[in-house]
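Worksheet: the structure to be examined is printed underneath.
The values are calculated or read from the model by the stated rules, or taken from the named source; none is laboratory data. These numbers were taken from a predicted model, which means no experiment stands behind them. So basically every Cβ, Gly included, is an ideal-geometry build from the backbone, and we count neighbours across all protein chains shown. Calculation scope for accessible area: heavy atoms of the full protein, side chains included, ligands and nucleic acids excluded. Shrake-Rupley method; radii C 1.70, N 1.55, O 1.52, S 1.80 Å.
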Amino acid sequence: PREAELAAIAGYLHDVGNIVNRHAHAHSGALMAWIILQRLGLPIEEIVQVVAAIGNHDEGDGEVVSAITAAVMLADKSDVGRSRVRNPDISTFDEHDRVNYAVEQMALHTDVADRTITLRLTVDPATSVAADYFELFLSRMLMCRRAARFLGCEFQFEINRTRIF
């Protein structure tokens, strides 16, 4: 239970570094979280776990170093969908807006018995095709695969009820 709570704390704080800049936000966020959690009186051995998860959640240079890190990676990298699009003008969508807008439903399903973690997306093919998703998010799916393996699970990915891997 405490490990799950630490993963939740890391999940809430994982993008705090975006206050500074999108570039290297995982690293600046980890430093900011260190200060915040220290001031809140969290024990140092727990701060280290949360900070490691925050500092490693970016697909550019993140590594799976713990179950907490794996949980943050899976949650963060599978978070796609229409609700993420803040731009209301479809005619000005960039490729990220278009792909996110196309995702009508997202579910991250864990099957403990089969030891699988499955990301299921329902994508509107009139807005974006699966190839567009892969072009933008393949590195995120590979990170999910590594995170699932760390947890002793297989990562599966489905778009419109078709298993991709």
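Here the simple spin-label model places points 7 Å from the Cα toward Cβ, and for Leu108 and Arg39 these points are separated by 2.8 nm. So if I take the centroid of the Cα atoms in region 139-165 and the same for region 14-56, what is the distance between those two points in Å? Between the Cα centre of region 139-165 and that of region 14-56, the gap is 26 Å.
When the alpha carbon gyration tensor of region 93-165 is reduced to an equivalent ellipsoid, its three semi-axes come out at 24, 13, 9 angstrom, largest first. For region 99-165, the share of DSSP beta bridges that are antiparallel, to the nearest 5, is 60%. Using a Gaussian network model of the chain whose springs link C-alpha atoms within less than 10 Å, name the residue from Gly152, Gly62, Gly81 with the highest mean-square fluctuation. Sorting by GNM fluctuation, first place goes to Gly152. One chain, two ends: Arg82 and Tyr12. Fully extended at 0.36 nm per residue, the span grows by 23.2 nm beyond their Cα-Cα distance. Spin-label model, Thr116/Glu158: points 7 Å from Cα along the beta carbon direction are separated by 0.7 nm. Largest GNM mean-square fluctuation among Ala113, Ala130, Ala70, using the chain with Cα springs under 10 Å: Ala113. Hydrophobic long helices, here whole DSSP H runs in the chain with Kyte-Doolittle means of at least 0.0 and Cα atoms spread over 20 Å or more along the helix axis, are found at 25-39, 130-150.
Comparing mean-square fluctuations of Tyr133, Tyr101, Tyr12 from a GNM of the chain with C-alpha springs under 10 Å, the top value falls on Tyr12. Surface composition of region 1-125: carbon plus sulfur atoms contribute 55% of the solvent-accessible area (1.4 Å probe, protein chains only, all chains present). Each residue of region 112-120 is assigned a 3J(HN,Hα), and the resulting list reads 5, 5, 8, 6, 10, 10, 10, 9, 10 Hz, derived from the Karplus form 6.51 cos²θ - 1.76 cosθ + 1.60 (θ = phi - 60°), x at Gly and Pro.
As a ratio to 2.2 N^0.38 Å, the alpha-carbon radius of gyration for the chain is 1.08.
In this structure the amide hydrogen of Glu154, modeled in the peptide plane, comes within under 5 Å of the amide hydrogens of Thr116, Ile117, none closer than 5 places in sequence on its chain. Note that the chain presents 55 Å² accessible area per residue, ligands and nucleic acids not counted, probe 1.4 Å.
With a 1.4 Å probe rolled over the protein heavy atoms of all chains, the accessible area of Cys153, Cys144 falls in the order Cys153, Cys144, largest first. With the gyration tensor restricted to C-alpha atoms of region 69-111, the semi-axes of the equivalent ellipsoid amount to 24, 11, 7 Å, longest first.
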